[in-house]
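Sharing a structure, written as structure tokens. Questions coming.
The values are calculated or read from the model by the stated rules, or taken from the named source; none is laboratory data. Keep in mind it's a predicted model, so treat the numbers as computed, not measured. Cβ placement follows ideal geometry from the backbone for every residue including glycine, while neighbour counts extend to all protein chains displayed.
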Amino acid sequence: MLDDRKTAILSAVVQEYIATAQPVGSSHIANVPGVQVSPATVRNDMAALEQEGFLIQPHTSAGRVPTDKGYRFFVDHLTEPGRLDESRSAQVGDFFSAAHGRLEELLHQTSDLLTRLTNSASVVLGPAAAAAVVRSVQIVSLTATTATAILVLSNGTVTNEVIDIPEGADDDDIRRAAAHLDSVLSGCSIADTAAVESAGEARADAIASEALEALRRASSDDQVYVGGASTVADSFDAVEVVRDVLHTLEQQFVVVSLVQNILDRGMSVAIGVEHGVEPLAACSVVVAPVVADGEHLGSVGVLGPTRMNYPQALATVGLVSDRLGRHIGDGG
């Protein structure tokens, strides 16, 4: 455990490096409130912090920068989730006051909101559609051989899937299939419905079965919205780091696993290699679950360089996750 002076010095170095992205020298830290000792004393303590792995010196004549261990100590011991300034808090309030419509659009817009507030990449995972209760099912004819099956769920998700319809089927067959499927699924989860019992009409039964299978496949997909990838890429100078970050954020499965793994470990912040995704070793992730009426309905988070503004990121993610959960719980 660090003593109070080294703790204050480490805190000052982290905050200065977050603000400037430049190695921090002892002369600057010596005048910081809460430190206020001679530059020589600061140099000695910074050297000790380097030996203990909290700081590194990129070049012999340069100042020092925090390591992942230094950021971890800062997050765990030196900060609490702060409060957003009035402007950012107002943006969040105005966003959810005006939000309406389909859940998918809300989640996509929420990812854009997080990016604007934090200048980081954002990740929003929506609720699992397969476990939600079905409100209604419709099937609408498109052409002589195709129709679209529309599923409306209790969590606000609306899924559309194009299906083939059997030769000879007409609009009456489609209406009967839709009515039968709606009566079977309404009030249930689509995951719990293995098959549709026959209604005694071959063409209508075939359409209903085709629609159920298509909607079940669509409902099994994760709702993942990633925003601001180019924004976070601008935080790095090394081309290979930018390439790794952008490529990884394009892989939906990796993003979902990353967020879920962090939450499963009971963490709200994963710094550098802590999250276990090697191509993102230069990044930190701040996440929070989205909860409505005690049910975990998804997650929100931001991803940025390890020198991200942790207090602001924690406050932003915490507020947005709370407001999103309340919005979904209130039915939009």
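Yes/no matrix, rows are residues, columns are (1) assigned to a loop (DSSP other than H, G, I, E, B); (2) in contact (Cβ under 8 Å) with a residue 60 or more places away in the chain; (3) surrounded by 15 or more Cβ atoms within 10 Å (Cβ to Cβ):
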residue	(1), (2), (3)
Gly34	yes, no, no
Arg43	no, no, yes
Glu50	no, no, yes
Gly70	no, yes, yes
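Further question on the same structure: Suppose we keep only residues that are at pLDDT below 85 and part of a helix (DSSP H, G or I) within the stretch 185-201. Which one would you say is nearest to Arg102 (Cα to Cα)?
Applying the filter and picking the extreme gives Ile190.
Quick one: which helices (runs of 4 or more DSSP H) lie wholly within the stretch 229-332 and hold at least 1 residues that are over 20 Å from Asp112 (Cβ atoms)?
239-249, 252-264, 310-329
Something else now. For the stretch 131-181, which residues satisfy the criterion of being among the acidic types (Asp, Glu) and part of a strand (DSSP E or B)?
Correct list: Glu161, Asp164.
If you don't mind, there's one more thing I want to ask. If the Cβ limit is 6 Å and pairs must be 6+ apart or interchain, which residue in the stretch 106-121 that is assigned by TED's automatic domain parsing to the domain that holds Val242 and acidic (Asp, Glu) pairs with which residue that is buried (at least 20 other Cβ atoms within 10 Å of the Cβ) and at pLDDT below 95?
Close Cβ pairs (under 6 Å, with a partner that is buried (at least 20 other Cβ atoms within 10 Å of the Cβ) and at pLDDT below 95) amount to Asp112/Gly227.
Before we move on, is Arg307 surrounded by fewer than 18 Cβ atoms within 10 Å (Cβ to Cβ), of a type in the set (Lys, Arg) and in contact with a strand residue (DSSP E or B) (Cβ under 9 Å, 6 or more places away or on another chain)?
Values: surrounded by fewer than 18 Cβ atoms within 10 Å (Cβ to Cβ): no; of a type in the set (Lys, Arg): yes; in contact with a strand residue (DSSP E or B) (Cβ under 9 Å, 6 or more places away or on another chain): yes.
When the stated conditions are applied, Arg307 does not pass them.
Next question. Out of the residues in the stretch 235-266 meeting the condition of being closer than 19 Å to Asp76 by Cβ and touching a strand residue (DSSP E or B) at 6+ places or on another chain (Cβ under 8 Å), tell me which one is modelled with the highest pLDDT.
Ile262
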